[in-house]
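Everything on this sheet refers to the single structure shown next.
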Amino acid sequence: MQKRELLYEGKAKRVFLTDDKDLVISEFKDDLTAFNGEKRSSAVGKGALNNKISTELFKLLEKNGIKTHFVKMLDDKHMLHTRVDVILIEVIVRNIATGSLTRNLGIEDGRVLPFTLVEFDYKDDDLGDPKLNDQHCLILELVEHQDELDKLRRMARQVNDVLKPYFENIGLNLVDFKLEFGKDSQGNIILVDEISPDNCRFWDIKSGEKMDKDRFRQGLGGLKVAYEEVLNRILGKV
């Protein structure tokens, strides 16, 4: 499968058309961005690591009955997947308080939440990805009806129910993560984008060390080493 015209370029990926109208190819970039693009850098090999991690996690979710856009990994930096109409809602799943939840609400950093929190953000960089409630989503016509919002929440919790114990088993706390969804050509809502240390927070269970993009956000260094460690644990190499 060969990539053709560029369809879309985001902060972390380029998406290309193929000869099949229902399939596209994502190229994972080495670029790093944070704080809505205010901080920028790159790390050679980061894109390939995210592609490999996402591939393994999409396969895991598919085995557990969660439909994703994943078809196959083509090479280190390219993934073949279903073309979708992206729903412009970022679904945030939180198990432990940190980041914006701590800043905005004063919840103690590192506090284990009494239940899994699911939030919606508007996928709009120009507006700074603001928080949404259900009525906002309906007014903005980001979904067709309330049932679709309920399905996004339900699928997000299903993803968490698979990934949280999976990562605990390899010594990582799944602190929080961002999911994106889209509709395929039949109108089915499926999981899209990627699942990687770029959009998940992983803390080592024993040391508390951060194994995700917070190493870039907070200037901790060692980002690529952390991503490699996450991949190696997923592959059972440690």
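The values are calculated or read from the model by the stated rules, or taken from the named source; none is laboratory data. All of these numbers come straight from a predicted model, not from anything done at the bench. Cβ: placed from backbone, ideal geometry, glycine included. Neighbour counts: every protein chain shown.
Considering the range 93-114 alone, what residues qualify as being of a type outside the set (K, R) and in contact with a Leu (Cβ under 8 Å, 6 or more places away or on another chain)? Before the answer, list the steps.
Looking only at the range 93-114, we keep the residues that are of a type outside the set (K, R), and these are 93, 95-102, 104-110, 112-114.
Matches in the range 93-114: V93, N95, I96, A97, L101, I107.
Mind checking which residues of the range 127-183 are β-branched (V, I, T) and at pLDDT below 95? Spell out the reasoning first.
Restricting attention to the range 127-183, the residues satisfying the condition of being β-branched (V, I, T) are 139, 143, 159, 162, 170, 175.
Once the filter is applied, which keeps residues that are β-branched (V, I, T) and at pLDDT below 95, the range 127-183 yields nothing.
What about V238, is it more than 27 Å from R83 (Cβ to Cβ), at pLDDT below 95 and not aromatic (F, W, Y)?
Values: more than 27 Å from R83 (Cβ to Cβ): yes; at pLDDT below 95: yes; not aromatic (F, W, Y): yes.
Yes; evaluated as a whole, the condition is true for this residue.
Spot the failing condition for E119; the list is (1) surrounded by fewer than 18 Cβ atoms within 10 Å (Cβ to Cβ); (2) at pLDDT 95 or above, and only one is missed.
(1)
Across the range 10-21, what is the number of residues that are closer than 16 Å to D85 by Cα and surrounded by fewer than 13 Cβ atoms within 10 Å (Cβ to Cβ)?
2
Does D214 meet the test of being of a type in the set (D, E), farther than 20 Å from K11 by Cβ and surrounded by 15 or more Cβ atoms within 10 Å (Cβ to Cβ)?
On the way: of a type in the set (D, E): yes; farther than 20 Å from K11 by Cβ: no; surrounded by 15 or more Cβ atoms within 10 Å (Cβ to Cβ): yes.
Judged against the criteria, D214 is not a match.
Select from the range 127-166 the residues that are surrounded by 13 or more Cβ atoms within 10 Å (Cβ to Cβ) and in a loop (DSSP other than H, G, I, E, B) and write down the one among them that is farthest from the chain's Cα centre (by Cα).
Taking the candidates together, the pick is L140.
Taking S207 as the residue in question, decide whether it is within 22 Å of D85 (Cα to Cα) and either outside the structural domain of F70 (by TED's automatic domain parsing) or of a type in the set (S, T, N, Q) (or both).
Numbers: within 22 Å of D85 (Cα to Cα): no; either outside the structural domain of F70 (by TED's automatic domain parsing) or of a type in the set (S, T, N, Q) (or both): yes.
So S207 fails the test.
What residue, among those in the range 181-194 that are of a type in the set (S, T, N, Q) and touching a residue at least 60 places away in the same chain (Cβ under 8 Å), is farthest from I234 (Cα to Cα)?
S185
Give the residue, chosen from I25, I87, that is among the β-branched types (V, I, T) and in contact with a Gly (Cβ under 7 Å, 6 or more places away or on another chain). Explain how you work it out, then say what you get.
Working: I25 fails: in contact with a Gly (Cβ under 7 Å, 6 or more places away or on another chain).
Of the residues listed, the single one that is among the β-branched types (V, I, T) and in contact with a Gly (Cβ under 7 Å, 6 or more places away or on another chain) is I87.
Pairs only if they're at least six apart or on different chains, beta carbon under 6 angstrom, first in the range 40-52 and outside the structural domain of D75 (by TED's automatic domain parsing) and without any contact (Cβ under 8 Å) to a residue 12 or more places away in the chain, second of a type outside the set (S, T, Y) and in a strand (DSSP E or B); list them, first residue then second.
Matching pairs, first to second residue: none at all.
Please go through the range 106-119 and pick out each residue that is more than 21 Å from the chain's Cα centre (by Cα) and in contact (Cβ under 8 Å) with a residue 24 or more places away in the chain.
Passing the criteria: none in range.
Name the pairs whose Cβ atoms lie under 7 Å apart, with the first residue in the range 163-180 and in the same structural domain as L57 (by TED's automatic domain parsing) and within 16 Å of K210 (Cα to Cα), the second crowded, with 21+ Cβ neighbours inside 10 Å and not acidic (D, E), and 6 or more positions between them or separate chains?
Sorted first by the residue in the range 163-180, then by its partner, the list stays empty.
List the pairs whose first member sits in the range 120-142 and is assigned by TED's automatic domain parsing to the domain that holds S100 and closer than 21 Å to N36 by Cα, whose second member is part of a loop (DSSP other than H, G, I, E, B) and among the small types (G, A, S), and whose Cβ atoms are under 7 Å apart, counting only residues at least 6 apart or on separate chains?
D125/G37
D30 versus (1) surrounded by 15 or more Cβ atoms within 10 Å (Cβ to Cβ); (2) touching a Leu at 6+ places or on another chain (Cβ under 9 Å); (3) free of Cβ contacts under 8 Å to residues at least 40 places away in the same chain: which is the lone unmet condition?
Going through (1) surrounded by 15 or more Cβ atoms within 10 Å (Cβ to Cβ); (2) touching a Leu at 6+ places or on another chain (Cβ under 9 Å); (3) free of Cβ contacts under 8 Å to residues at least 40 places away in the same chain one by one, D30 breaks only (2).
Answer with yes or no whether L172 is over 15 Å from the mean Cα position of the chain (by Cα) and crowded, with 22+ Cβ neighbours inside 10 Å. Spell out the reasoning first.
Values: over 15 Å from the mean Cα position of the chain (by Cα): yes; crowded, with 22+ Cβ neighbours inside 10 Å: yes.
So L172 passes the test.
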